[in-house]
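All remarks here apply to the structure that follows.
The values are calculated or read from the model by the stated rules, or taken from the named source; none is laboratory data. Please read these numbers as outputs of a predicted model, since none were measured by experiment. With ideal geometry, Cβ positions are generated from the backbone for all residues, glycine too; neighbour counts draw on all protein chains shown. Ligands, DNA and RNA are excluded from the accessible area calculation, which covers all protein heavy atoms including side chains. Shrake-Rupley method; radii C 1.70, N 1.55, O 1.52, S 1.80 Å.
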Amino acid sequence: MPEPSAPEVWRALVDVYQPVLREVVTELERDAGIDSGTYSVLAYLDRAGGGLPLAELQRLMHVRYSQPGLSRLVQRMESDGFVTRAGHPDDRRATAVALTRAGRARTRAARTVYDRALERHLGAHLRADDARRLVTLLERIATRRG
């Protein structure tokens, strides 16, 4: 059997990613009352220790949101009390986005739903050794890509 090409590998990843993502997003909206864009911002901020420069958040979210679209999302999240925006302490020209206490609580609650959905729609289809091997391979690719 010939080695799979990069497009074949990509199609296999997408064939798993797309339906799993649909299920996870559905459960986030239904069970946590949160849309996937808001959850992504909360998760990125939480992973970064609670805050990020807006430009870095834009880089992370650029596939899903234009700069104006992300700005509107952050404004909505600020009005909902999940984040604050302030001048960046190291660069007066930049804006930093940080989680509030309510944002941290919302992240924890939504993460429970998110993780449970991933276990159901992805983890249930993997043996532990396959999951370890897959994580190792994907982390290697991520590291090589920088």
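Just check the chain against the gyration tensor rule for me: Cα atoms, a ≥ b ≥ c as the square roots of the eigenvalues, rounded for a/c under 1.5, and otherwise prolate or oblate depending on whether a/b exceeds b/c.
Prolate, because a/c is 1.5 or more and a/b exceeds b/c.
Out of the total accessible area of the chain (probe 1.4 Å, heavy atoms of protein only), what percent is carbon and sulfur?
Looking at the chain in its full context, I get 54 percent from C and S.
Kindly identify segment 14-64 as rounded, prolate or oblate by the Cα gyration tensor criterion: order the square roots of the eigenvalues as a ≥ b ≥ c, call it rounded if a/c is under 1.5, otherwise compare a/b with b/c, prolate if a/b is larger, else oblate.
The shape class here is oblate.
Which far-off residues, 5 or more places away or on another chain, put their amide H under 5 Å from the one on V83, with H placed in the peptide plane?
E78, T100
So, for the chain, what is the accessible surface per residue at a probe of 1.4 Å, expressed in square angstrom?
69
Taking Cα centroids, how far is segment 42-65 from segment 116-146 in Å?
22
Just order 38-51, 100-113, 3-16 by mean Cβ neighbour count inside 10 Å, highest at the front, would you?
Per-residue Cβ counts within 10 Å, averaged per peptide and sorted highest first, yield 38-51, 100-113, 3-16.
Can you give the FRET efficiency to the nearest 0.05 for A55 and I141, using r as the Cβ-Cβ distance and R₀ = 30 Å?
It comes to 0.75.
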